[in-house]
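First up is the structure itself, then whatever we jot down about it.
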Amino acid sequence: MVKVLTFIKRKPGMAVDEFQQYWLTRHPTVVTRLPGVRRYVQSHALASAYRRGEPPWDGIAEVWAADTDALRAMTRSPEHADVQADEAQFIDRATMAMIVTEEHVVVDGEPGPEAVKGVEFLSRRPGTSIDDFQQHWRERHGPMLRAIPGLRRCVLSATRRSAYTAGRAPAYDGITLMWFDSPDVLREAAASSAYADAVADRARFLAPGSPPFIVTREHVITA
């Protein structure tokens, strides 16, 4: 399967709770009408993310399709225009970004009912090829993540090679998704030596500086 990740910010002037309520209770009506949706998940930034200003994104949407052909059919369907029209009701469409990805599962556990989901937005180090970036991420960085205490599930969503054709540059080279059973477990994990090792490894394959990161609550709309 292939997965589309869409990164969204709410409309200017819209309250966070109003945005999240609309997204969760009204927008799924149009998304689930798209032909070929195999799975649909929303991840909303936690309220705590806004205590120190605006997070990089208010949340991400994940939509799975069987393959590239199914994804093309989805985006060309009449129902897709309905999705875009509804997005304009609560999303700042001028800042939306998306990538089409393939998943690599690092930890295949089942998060608890109060789990939080960390989302890390990755850009590769300048001069690093796509192949080298993805190989290091999967084969060296992934095992480091696996060693982090309390990590229940971890998925690397790598941007598909087609996003780079004809000189195009995708919004991100990939997304790391990490589930922990609670915010406290995440904080404890972030203080561990294993987490410090993973942070140190970023310099070997990621662009300088800390990658954008949000902590979210996941809502599975269509399983």
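The values are calculated or read from the model by the stated rules, or taken from the named source; none is laboratory data. Just so it is clear, the model here is predicted, and its values are computed rather than measured. For neighbour counting, all protein chains shown are included, and Cβ atoms are generated from backbone atoms with ideal geometry for every residue, glycine included. With ligands, DNA and RNA removed, areas are computed over all heavy atoms of the protein, side chains included. Shrake-Rupley method; radii C 1.70, N 1.55, O 1.52, S 1.80 Å.
Looking at (1) over 15 Å from Val119 (Cβ atoms); (2) modelled with pLDDT of 95 or more, can you tell me which one Ala166 breaks?
(2)
Search region 122-140 for residues being touching a strand residue (DSSP E or B) at 6+ places or on another chain (Cβ under 7 Å) and under 21 Å from Gly150 (Cα atoms), and hand back the single one that is least open to solvent (accessible area, probe 1.4 Å).
By that ranking, first place goes to Trp137.
Any residue at all in region 45-58 that is of a type in the set (D, E, K, R), over 17 Å from Leu24 (Cβ atoms) and under 18 Å from the mean Cα position of the chain (by Cα)?
Checking region 45-58: at least one residue is of a type in the set (D, E, K, R), over 17 Å from Leu24 (Cβ atoms) and under 18 Å from the mean Cα position of the chain (by Cα).
Please give the number of the condition Ala97 fails out of (1) over 17 Å from the mean Cα position of the chain (by Cα); (2) open to solvent by less than 40 Å² (accessible area, probe 1.4 Å).
It fails just one condition, (1).
Of all residues in region 100-121 being among the charged types (D, E, K, R) and either open to solvent by less than 70 Å² (accessible area, probe 1.4 Å) or part of a loop (DSSP other than H, G, I, E, B) (or both), which is farthest from Ser157 (Cα to Cα)?
Glu114
Report yes if some residue within region 74-83 is surrounded by fewer than 17 Cβ atoms within 10 Å (Cβ to Cβ) and within 29 Å of Arg146 (Cα to Cα); otherwise report no.
Checking region 74-83: not a single residue is surrounded by fewer than 17 Cβ atoms within 10 Å (Cβ to Cβ) and within 29 Å of Arg146 (Cα to Cα).
Test Glu114 against the criterion of being touching a Ser or Thr at 6+ places or on another chain (Cβ under 6 Å), among the charged types (D, E, K, R) and farther than 19 Å from Pro208 by Cα, and give yes or no.
Criteria met by Glu114.
How about region 191-223: which of its residues are over 18 Å from the mean Cα position of the chain (by Cα), open to solvent by 50 Å² or more (accessible area, probe 1.4 Å) and not basic (Lys, Arg)?
Hits for region 191-223 are Ala191, Ser193, Ala196, Asp197, Val199, Ala200, Ala203, Pro208, Gly209.
Looking only at residues in region 70-110 that are without any contact (Cβ under 8 Å) to a residue 12 or more places away in the chain and charged (D, E, K, R), which one is farthest from Trp137 (Cα to Cα)?
The qualifying residue farthest from Trp137 (Cα to Cα) is Arg76.
Restricting the search to region 166-213, which residues are over 26 Å from Val100 (Cβ atoms) and polar (S, T, N, Q)?
Ser182, Ser192, Ser193
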